[in-house]
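Please treat every number below as a calculation from the coordinates, not as lab data. Keep in mind that this is a model prediction, so the values were computed, not measured. Note that we place each Cβ from the backbone using ideal geometry, even for glycine, and neighbour counts take in every protein chain shown.
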Amino acid sequence: MKSVITLAIESSCDETSVAVIRDGRQVMSNIISTQMDEHKKFGGVVPEVASRRHIENIQGVVQESLDEAGVTFGDIDIVGVTYGAGLVGALLVGLSTAKAISFALGVPLVGVNHIEGHICANFIAHEELEPPFACLVVSGGHTHMVEVRGYGDYNVLGMTRDDAAGEAFDKLARAIGLGYPGGSKIDRAAKLGDRNAIDFPRAYLEKGSYDFSFSGLKSAALNYLNSKKMKKEDISIEDVSASYQEAIVDVLAERSIRACLEKGYKTLAIAGGVAANSRLRERLEGDAKVHGINVKYPPIELCTDNAAMIGCAAYYDYIGGKVSSLDLNAVPGLRIGERE
């Protein structure tokens with residue numbers, strides 16, 4: 001059977017990424033051009049700036065990815081691209097490029113859901129991994145508890161009702177002066193702090209719910225910081241970081257392990273930018289071991305936004321008969337499981 005070579009494009013936020021993937025799981029190249037340093041001075045991603053940088057970077061990143069993979073446009077069988085969720089201007093840059101390549105080459109276009117792409121990063125990282133399994137998708141914009149029932153077959157058990165976990169990390173990091181991006185900086189500071197120093201709230205919501213809520217935790221942390229400042233008392237950035245991180249991890253771990261136990265899954269995957277958090281990995285591995293659950297997560301470079309995961313998702317959509325038309329449009333609020 002002939003191999004399927006996928007050219008994949010990801011531009012949903014502030015990374016311009018292009019990958020070449022063979023048969024969904026073999027990464028031939030995965031080029032990521034990040035804008036992180038440029039957005040740091042603003043304390044977060046500025047959509048207009050991100051869109052302009054994508055326009056400037058995309059052609060060069062496409063060519064670099066082809067060169068590293070040792071292929072030409074003539075070797076490409078399908079083009080995969082993120083069309084949601086994300087920043088609309090940023091999405092349109094990648095989508096327009098993918099459409100042009102698809103049309104010029106006369107090969108199928110496959111629109112990919114960004115959140116589903118994060119889940120598929122685990123297929124690249126773990127050759128033996130097959131559905132079904134449970135997956136915690138946790139990033140700056142999304143926090144979902146998902147059943148992966150098959151390739152491209154997802155059932156959302158729960159999602160955040162307000163802030164995503166990564167967003168909650170970023171907001172605390174700004175408040176205590178660590179800056180952007182917040183997640184990795186909170187993680188580093190927390191290693192030096194006492195996770196039991198401050199009793200921040202955990203929102204477990206109503207009994208049986210798999211949903212998440214982090215807005216109350218964020219408000220509690222800001223109130224704590226304001227109270228300390230008004231009293232002119234010292235604030236331990238390390239203790240605040242560790243205690244705040246533990247409050248988030250407690251809820252993420254409880255939802256994840258309970259989903260596996262109640263739904264009968266022996267494998268738990270985690271995906272998204274916050275899947276890189278060292279305390280979350282440590283906690284899930286510890287809790288899962290007690291119940292005989294295997295935990296899978298991608299390497300750090302596949303946790304953040306990248307085109308390799310989009311190429312994997314595109315491949316499984318393609319062999320499942322899901323292709324897109326050239327009038328595919330960006331859908332900023334696309335939800336997991338939704339289709340164009």
Review point. Using the Karplus equation 6.51 cos²θ - 1.76 cosθ + 1.60 (θ = phi - 60°), what ³J(HN,Hα) coupling, rounded to whole Hz, does each residue of the stretch 132-147 give in order, writing x for Gly and Pro?
Key: x, 6, 9, 9, 9, 9, 9, 8, x, x, 9, 9, 10, 10, 10, 8
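Let's test the formula: R0 of 22 Å, r as the Cβ-Cβ distance of residue 2 and residue 103. What FRET efficiency results, to the nearest 0.05?
Details: r = 22 Å, r/R0 = 1.02.
So, using R0 = 22 Å, E works out to roughly 0.50.
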Point to revise | Size of charge dipole - the chain - debye, nearest 20, with Cβ of Lys, Arg +1 and Asp, Glu -1, no other charges | key: 780 debye
Point to revise | Partnerless Cys - the chain, beta-carbon criterion under 4.7 Å | key: 13, 135, 260, 303
Revision key, fill the gap. Candidates for mean projected area of the Cα convex hull in nm² are (i) 16.1; (ii) 17.1; (iii) 18.8, and the calculated one carries label (ii)
Review point. Among rounded, prolate and oblate, which fits the stretch 181-264 when a ≥ b ≥ c are the square roots of the eigenvalues of its C-alpha gyration tensor, a/c under 1.5 means rounded, and a/b larger than b/c means prolate?
Key: prolate
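What shape does the stretch 166-220 have by the C-alpha gyration tensor, where a ≥ b ≥ c are the square roots of the eigenvalues, rounded means a/c under 1.5, and otherwise prolate means a/b greater than b/c and oblate the rest? Numbers along the way, then the final one.
Details: a/c = 2.25, a/b = 1.65, b/c = 1.36.
Cα axes put the stretch 166-220 in the prolate bin.
Determine the percent antiparallel among the DSSP beta bridges restricted to the chain, to the nearest 5.
Details: 27 of 44 bridges.
Roughly 60 percent of the DSSP beta bridges within the chain come out antiparallel.
What ranking do 225-231, 7-13 get when scored by the average of other Cβ atoms within 10 Å per residue, highest first? Mind dumping the intermediate values first?
Values: 225-231: 11.0, 7-13: 30.0.
The most tightly packed comes first, giving 7-13, 225-231.
If each residue of separation counts as 0.36 nm, what is the full-extension length gain between residue 48 and residue 174 once their alpha-carbon separation is subtracted? Don't skip to the end; give the middle numbers.
Numbers: separation 126, 0.36 × 126 = 45.36 nm, distance 2.12 nm.
Residue separation times 0.36 nm, minus the Cα-Cα distance, leaves 43.2 nm.
Quick check: from the Cα gyration tensor, does the stretch 89-141 come out rounded (a/c under 1.5), prolate or oblate? If you can, show how the numbers build up before the last one.
Working: a/c = 3.56, a/b = 1.69, b/c = 2.11.
Note, shape of the stretch 89-141 comes out oblate.
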Check your understanding: How many nm is it between the label spots at residue 250 and residue 191, if each spot is 7 Å from the Cα in line with the beta carbon?
Key -> 2.4 nm
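Using per-residue counts of other Cβ atoms within 10 Å, averaged over each peptide, order 16-22, 83-89, 310-316, 166-172 from highest down. Spell out each step's value before the answer.
On the way: 16-22: 28.0, 83-89: 22.1, 310-316: 31.4, 166-172: 24.3.
Taking the mean over residues of other Cβ atoms within 10 Å, the ranking is 310-316, 16-22, 166-172, 83-89.
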**Study point:** residue 26 versus residue 73: modelled label distance in nm, points set 7 Å from Cα along the beta carbon direction
**Key:** 2.5 nm
